[in-house]
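Worksheet for the structure shown next.
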Amino acid sequence: MTDNKPTDYAAIIRAANQTVPEPPEWLSAGKYVYSPEYGIGEVMALLGRRLIVKFVEEVKPTQFGDWEQALALGSIKPSNANLVSSTTFLEENNAAITTTAEQIQQIPQVVFQSF
């Protein structure tokens, strides 16, 4: 798709001279956010005003044209979600099973250990 219009250099200069306010800390790359529409997602990038988020339930990353507007509308909120990998979950389960087995061995009556 080529556009036969001449390049608008004035628009490019205006865009370059715009100051973008500093985003909140929780909008930095790698942090998790919540959207009422999309659920939990990880911030992939913040490019000027454009916010790119990879939501768990979505195949493609979602882009918000203006992160300030998305915040004002409530489309994006901070999330305290701590998403972990399945290996972390397995390690925690194995540790819990080992602890339970040790507790069972401490029961003095062998008959009750089987319960």
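Which count do you get for residues in segment 41-59 that are in a strand (DSSP E or B) and within 14 Å of SER75 (Cβ to Cβ)? Quick ask: steps written out before the conclusion?
Taking segment 41-59 first, the residues in a strand (DSSP E or B) are 41-47, 50-55.
Filter once more, so that each one left must be within 14 Å of SER75 (Cβ to Cβ): 41, 43, 50-53, 55.
Result for segment 41-59: 7.
Condition first: modelled with pLDDT of 80 or more and either out of contact with any Ser or Thr (no Cβ under 7 Å at 6 or more places or on another chain) or of a type in the set (Asp, Glu) (or both). Now tell me which residues in segment 14-35 satisfy that. Reasoning before the result, please.
Of the residues in segment 14-35, the ones modelled with pLDDT of 80 or more are 21-35.
If the condition is that a residue be modelled with pLDDT of 80 or more and either out of contact with any Ser or Thr (no Cβ under 7 Å at 6 or more places or on another chain) or of a type in the set (Asp, Glu) (or both), then PRO21, GLU22, PRO23, PRO24, GLU25, TRP26, LEU27, SER28, ALA29, GLY30, LYS31 are the ones that fit.
Mind listing whichever residues of segment 1-35 are assigned to a loop (DSSP other than H, G, I, E, B), of a type outside the set (A, V, I, L, M) and within 28 Å of the chain's Cα centre (by Cα)?
GLN18, THR19, PRO21, GLU22, PRO23, PRO24, SER28, GLY30, LYS31
The values are calculated or read from the model by the stated rules, or taken from the named source; none is laboratory data. Quick caveat: nothing in here was measured; it's all calculated off a predicted structure. Positions of Cβ are generated from backbone atoms using ideal geometry, with glycine treated the same way; all protein chains shown enter the neighbour counts.
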